[in-house]
Structure formats: C-alpha cells, structure tokens
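Everything on this sheet refers to the single structure shown next.
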Amino acid sequence: MTPDLIAGIREILLGRTEVTDLTSEIYGGELPDDVINLMPQRTILLTYSGGAGTFGGGYQEYGDRRIDVICYAPTVYGAVQLHDTVQPILKQLRRQKAANTLIHWAIQAGGPLPGRDPDGDWPFCFSSWQIMAAETAVA
C-alpha cells in the first residue's frame with residue numbers, strides 16, 4: 001500500500017464543516033464525466049502539479065510535493081469564496097494522518113488566481129500548495 005496525498009487532503013477537507021457547508025464535491029485528478037455535465041457548480045479539484053521537491057532527498061522516507069487546488073463555482077466570486085474557505089484549513093494544517101498518509105504541513109506556493117476555465121468557461125479560483133508528507137503508508 002502506498003500513501004495517497006490527494007486522498008489525504010480530500011479527507012481533511014471533507015472533515016471540515018465550513019467546506020462541506022459549501023460543497024462535498026471534492027475530486028482528485030480530474031472531474032468525473034457526470035460532474036462535468038453539471039458544471040459550473042461548487043466543486044474542488046485536487047491535482048498534482050509537478051516540479052522538484054525541496055525536502056526529503058536520498059533515503060529519507062518523506063518529501064514535499066506540489067498540489068493544485070482548483071475551486072469551481074457558478075461565479076468567479078463564489079469560486080474565490082470557496083478558495084477562501086479552503087485556504088486557512090490548509091495553511092493551519094498540523095501533522096496528522098489522513099487516508100493512509102502522514103501529512104506534516106502545507107505552504108501556499110501560488111495563488112489565489114481567479115478566472116475562467118479555458119475549456120469549459122467555468123469560473124474558478126486556483127492555488128498551488130507545497131505539502132510535506134511521509135512517502136510510506138501509515139495504518
């Protein structure tokens with residue numbers, strides 16, 4: 001079993017009522033087809049954004065990865081409001097186990113960047129996060 005950082009961040013966000021009061025639609029990787037047909041709606045998409053990590057070289061079993069958080073809503077303002085709900089949760093994240101992953105911290109690396117999705121013309125607000133986590137699964 002390998003750790004799943006996206007599933008861990010998703011679990012953390014779904015565990016917070018300030019997020020679920022706005023949406024419980026949180027996906028990893030890409031939006032499912034049945035959700036795409038309903039867009040734009042309040043939805044959060046978590047994806048890996050790539051780039052080299054700063055920490056955890058050699059034989060260390062931890063490291064940092066970048067994750068993009070894309071908040072969608074019927075309006076750009078609504079997408080920004082959803083982002084502004086998620087942002088302090090990630091910023092204040094403390095070391096915890098979520099899904100099967102030990103997550104140490106999250107630092108905002110970019111954003112917020114509001115706009116419109118170039119493919120669907122859906123309002124969104126984008127941010128990128130550097131997240132330190134274990135590279136071995138935890139029970």
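Key figures for this structure:
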| item | result |
| --- | --- |
| Charge sum, other residues only, whose C-beta stays under 14 Å from L22's C-beta, Lys/Arg counted +1 and Asp/Glu -1 | -2 |
| Signed unit charges on C-beta, dipole axis of the chain, positive-most listed residue L22, T136, Q96 | Q96 |
| Percent antiparallel among DSSP beta bridges (both partners in the stretch 1-120, rounded to 5) | 75 |
| 222 nm mean residue ellipticity, helices alone, for the chain (DSSP H n ≥ 4; -39,500 (n - 2.57); rounded to 500) | -6500 deg cm²/dmol |
| Sum of side-chain charges, F126 neighbourhood, beta-carbon under 12 Å (Lys, Arg +1; Asp, Glu -1) | -1 |
| Neighbour net charge for A98 - beta-carbon separation under 12 angstrom, K R +1, D E -1 | +3 |
| Amide hydrogen neighbours beyond the local backbone of G111, cut-off 5 Å, H modeled | S128 |
| Charged-residue dipole, Cβ positions (Lys, Arg, Asp, Glu), the chain about Cα centre, Debye nearest 20 | 560 |
| Prolate/oblate/rounded label for the stretch 6-47 (Cα gyration tensor, a/c 1.5) | oblate |
| Surface share of carbon and sulfur [accessible, 1.4 angstrom probe, percent] for the stretch 2-139 | 50 |
| Residue-normalised accessible area of the chain, given per residue in Å² at a 1.4 Å probe | 53 |
| Gyration tensor verdict on the chain (Cα atoms; rounded if a/c is under 1.5, prolate if a/b is larger than b/c, oblate otherwise) | prolate |
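The values are calculated or read from the model by the stated rules, or taken from the named source; none is laboratory data. The shown structure was predicted, so the numbers you read here are calculated from the model rather than taken from an experiment. Neighbour counts are summed over all protein chains in view; Cβ atoms, including those assigned to glycine, are modelled from backbone coordinates with ideal geometry. Accessible surface areas use protein heavy atoms only, side chains included; no ligands, DNA or RNA. Shrake-Rupley method; radii C 1.70, N 1.55, O 1.52, S 1.80 Å.
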